[in-house]
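Please treat every number below as a calculation from the coordinates, not as lab data. In this text, all values refer to a predicted model and were calculated from it rather than measured experimentally. Glycine also receives a Cβ, built like all others from the backbone with ideal geometry; neighbour counts cover every protein chain displayed.
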Amino acid sequence: KAGVTQTPRYLIKTRGQQVTLSCSPISGHRSVSWYQQTPGQGLQFLFEYFSETQRNKGNFPGRFSGRQFSNSRSEMNVSTLELGDSALYLCASSLRGQGTYEQYFGPGTRLTVT
Amino acid sequence: GENVEQHPSTLSVQEGDSAVIKCTYSDSASNYFPWYKQELGKGPQLIIDIRSNVGEKKDQRIAVTLNKTAKHFSLHITETQPEDSAVYFCAASSVPSSNTGKLIFGQGTTLQVKP
């Protein structure tokens, strides 16, 4: 079974621009969560989507948004990029249901803001 | 608020020795505790997890223990090998019956296994 895929793997953007990252979960998984990883702050939860609805949200400004499509694929968008948004953005997929707890991560998208 | 403290931040062991990484969580509602291994250039890989109704779980050379009263959980790796070298993260989550919940991560431990 294929794992979680994320595109693109690397991205360089300029301050003020916006960016869209994509995540395809493991086949059959209906939940996608997004995390930001930086050397200073570590791994931080951004948001979780299930059945095309945001179910949970972390402490990030409104510039960070996301959505999920009917095939469970998810995108996250960052508008008005700041230097501090440079990070590895990870998505994790999960079955989401009674008794299912495990989250499986993709390889991440490395975003550099200059 | 929710917080997970992880120690040590770096750990160096000789091949064949054991390694122990410890985490403490603050949210008493936490009931799921996964451990992830992250190698350079890759995403975190789930290596073992434990739920709050279990005190210990083993999978070959790795084991995890949980002390709910003290809000501590630990990862034990025995007979370490050079390929165990990576960054290890602990995490905690409070999972309602039908929700995966967000993961709160520790700061990570860089494990180096010397041949």
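Contact order for chain A, expressed relative to its length and based on alpha carbon pairs under 8 Å spaced 6+ residues apart, stands at 36 percent. Grab the other residues whose beta carbon is less than 10 angstrom from that of B:CYS23, score K and R as +1, D and E as -1, and report the net. With Lys, Arg at +1 and Asp, Glu at -1, the neighbours total +1. When the Gaussian network model of chain A links Cα atoms closer than 10 Å, the mean-square fluctuations of A:TYR35, A:TYR101, A:TYR89 top out at A:TYR101.
Under the criterion of Cα pairs below 8 Å and six or more residues apart, the relative contact order for chain B equals 37 percent. What residues of the stretch B:18-32 lie in the reach of a label at B:HIS72, counting those whose backbone N is under 12 Å from a point 7 Å from the Cα along Cα→Cβ? Within reach of a label on B:HIS72, which here means backbone N under 12 Å from a point 7 Å along Cα→Cβ, the stretch B:18-32 contributes B:21-25.
If you take every residue apart from A:ARG67 with its C-beta less than 11 Å away from the C-beta of A:ARG67, what net charge results, scoring Lys and Arg +1 and Asp and Glu -1?
-1
As a calculated quantity, the FRET efficiency between A:ILE12 and B:GLN107 at R0 = 22 Å, using C-beta atoms, amounts to about 0.20.
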